[in-house]
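**Q** Here you go, one structure.
The values are calculated or read from the model by the stated rules, or taken from the named source; none is laboratory data. As the structure is a computational prediction, the values presented were derived from the model and not from experiment. Every residue, glycine as well, gets a Cβ built from its backbone with ideal geometry; the counts of neighbours run over all protein chains shown. Side chains are part of the model used for accessible areas, which takes the heavy atoms of the whole protein and leaves out ligands, DNA and RNA. Shrake-Rupley method; radii C 1.70, N 1.55, O 1.52, S 1.80 Å.
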Amino acid sequence: MSDTLTRLTEILAQRRQADPESSYVASLHHKGLNKILEKVGEEAFETVIAAKDGDTDQVIYETADLWFHSMVMLSHLGLEPQQILNELDRRFGLSGHDEKAARSQEK
Ligand SMILES: N=c1c2ncn([C@@H]3O[C@H](COP(=O)(O)OP(=O)(O)OP(=O)(O)O)[C@@H](O)[C@H]3O)c2ncn1[C@@H]1O[C@H](COP(=O)(O)O)[C@@H](O)[C@H]1O
C-alpha cells in the first residue's frame, strides 16, 4: 500500500476512539453509517460535476474528498483498504474476457 494510504489508515483507526468534538473522523463515526454514506454520495456527486465542468484542480480536490470518505466508510464497516487493493490486484491476473466470466460466477 502507498505510504499515504498506510498513514491515513493508521490515523483513521486511531480516530475511531477520539472525541467527536475535536475530530471530524470521530464525529462521522459518532453520527453513524447513514451520515458517512451521505458524505460518500455527496463527494461522488461533486467529483462528477467537477469532471463534467472540465475543472481538473477541482476533480483532484473532490476525488481526494471521495477517497477519504470512502476510507472512513471502510473503517466504519471494519474493512481494510488493503482488501480493496487485493481485489484490484486480483483483477490484474484476469483478461477482460476472464473478468466477465469471474463476475458471472460470483452472481
Ligand atoms: N483527509 C482528511 C479530510 N478530507 C476532507 N476532510 C473533511 O471533510 C469535510 C468535507 O466535507 P464538506 O466539504 O461537505 O464540508 P462540511 O460542510 O464541513 O461537511 P458537513 O458539515 O456537510 O458534514 C471537511 O470538513 C473536511 O475538513 C478531511 N478531514 C480529515 N482528513 C484526514 O483525517 C485526519 C484526521 O482528521 P480529524 O478526525 O479531524 O482529526 C486528518 O489529519 C487528515 O489527514
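**Q** Could you list, in sequence order, all residues of region 55-84 that are over 16 Å from Arg15 (Cβ atoms) and over 11 Å from the mean Cα position of the chain (by Cα)?
**A** Asp55, Thr56, Asp57, Gln58, Val59, Ile60, Tyr61, Glu62, Gln82, Gln83
**Q** Now, a different point. Please list, ordered by residue number, the helices (runs of 4 or more DSSP H) wholly in region 1-97 having 2 or more residues that are of a type in the set (A, V, I, L, M, F, W, C), loosely packed, with under 12 Cβ neighbours inside 10 Å and more than 12 Å from the ligand (Cβ to nearest atom).
**A** 81-92
**Q** Note down all Cβ pairs under 9 Å where the first residue falls in region 26-53 and is farther than 10 Å from Leu66 by Cβ, the second is at pLDDT below 95 and open to solvent by 40 Å² or more (accessible area, probe 1.4 Å), and they're at least six residues apart or on different chains.
**A** Ala26/Arg16; Ala26/Gln17; His29/Arg16
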